[in-house]
Amino acid sequence: MQKATFAGGCFWCMVTPFEELPGIGGIVSGYSGGHVENPTYEEVKTGTTGHYEVVEITFDPQLFPYERLLELYWEQIDPTDDGGQFHDRGSQYRTAIFYHDEAQEKLALEAKEKVAASGKFQKPIVTEILPAQTFYPAEEYHQGYHKKNKDDYKADRAKSGRDEFIDQHWNGE
């Protein structure tokens, strides 16, 4: 099993695209990339800790290759927005791929170049490709939030604009 770590805005919205796929061993919502040890959600949401909201995915590359994870990741985000994602604004909601080894770094950079060359976006691709840093799991109430709080999750996602963006930019192929 290997790890993949992706920042794509609200971590609640980054769980559902990856769960229940063959080869996915688990998905944990959390924080990475900041300068505060053991940050809390209350600290991270202020945007002052330097952390991103991320999902850490454990996967079997024989059953679900990293390249496929990258494809799914890009299809969940607006890679041109450096101020957050959709209605979630602030540095904690920026996009990034945190690579765990040189092979992941190479594949992530290639995937970013492919998105940039796709012609889907008029603005530059600003999603960062960064070395993996310490991952801090989010509080328990954030884990599986979309299942524990279905109505709240659906309402938040509906008003975010994420699904409309995905339909317009990714599903129109």
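Looking at residue 134, is it at pLDDT 95 or above and open to solvent by 70 Å² or more (accessible area, probe 1.4 Å)? Answer is yes for this residue. When restricted to residues that are open to solvent by 50 Å² or more (accessible area, probe 1.4 Å) and assigned to a helix (DSSP H, G or I), region 155-173 contains 7.
Listed by first and then second residue, the pairs with beta-carbon distance under 7 Å, at least 6 apart or on different chains, first residue in region 145-172 and over 20 Å from residue 27 (Cα atoms) and β-branched (Val, Ile, Thr), second open to solvent by 50 Å² or more (accessible area, probe 1.4 Å) and outside any helix (DSSP H, G or I), are 166/75. Taken over region 45-54, residues that are more than 27 Å from residue 151 (Cα to Cα) and either open to solvent by 40 Å² or more (accessible area, probe 1.4 Å) or modelled with pLDDT under 95 (or both) amount to 1.
Yes/no per residue for (1) open to solvent by 50 Å² or more (accessible area, probe 1.4 Å); (2) assigned to a loop (DSSP other than H, G, I, E, B):
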residue: 56; (1), (2): no, no
residue: 63; (1), (2): yes, yes
residue: 80; (1), (2): no, yes
residue: 96; (1), (2): no, no
residue: 113; (1), (2): yes, no
residue: 122; (1), (2): yes, yes
residue: 153; (1), (2): no, no
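Taking region 124-137 as the range and being touching a strand residue (DSSP E or B) at 6+ places or on another chain (Cβ under 8 Å) and either within 12 Å of residue 97 (Cβ to Cβ) or in a loop (DSSP other than H, G, I, E, B) (or both) as the test, the residues that pass are 126, 127, 128, 129, 130, 131, 132, 133, 134. Scanning region 93-129 for residues that are of a type in the set (S, T, N, Q) and in contact (Cβ under 8 Å) with a residue 60 or more places away in the chain, we see that the one that is nearest to residue 68 (Cα to Cα) is 104. One residue stands out in region 1-28 among those that are buried (at least 23 other Cβ atoms within 10 Å of the Cβ) and not hydrophobic (A, V, I, L, M, F, W, C): the one that is farthest from residue 78 (Cα to Cα), namely 5. Could you tell me whether any residue of region 35-44 is open to solvent by 40 Å² or more (accessible area, probe 1.4 Å), touching a Leu at 6+ places or on another chain (Cβ under 8 Å) and either more than 17 Å from residue 143 (Cα to Cα) or of a type in the set (Lys, Arg) (or both)? The answer is no, given that none of the residues of region 35-44 is open to solvent by 40 Å² or more (accessible area, probe 1.4 Å), touching a Leu at 6+ places or on another chain (Cβ under 8 Å) and either more than 17 Å from residue 143 (Cα to Cα) or of a type in the set (Lys, Arg) (or both).
The values are calculated or read from the model by the stated rules, or taken from the named source; none is laboratory data. Please read all numbers here as calculations on a predicted model, not as lab measurements. Ideal geometry is used to build each Cβ from the backbone, glycine not excepted, and the neighbour counts take in all protein chains shown. Areas reflect the complete protein model, heavy atoms only, side chains present, ligands, DNA and RNA absent. Shrake-Rupley method; radii C 1.70, N 1.55, O 1.52, S 1.80 Å.
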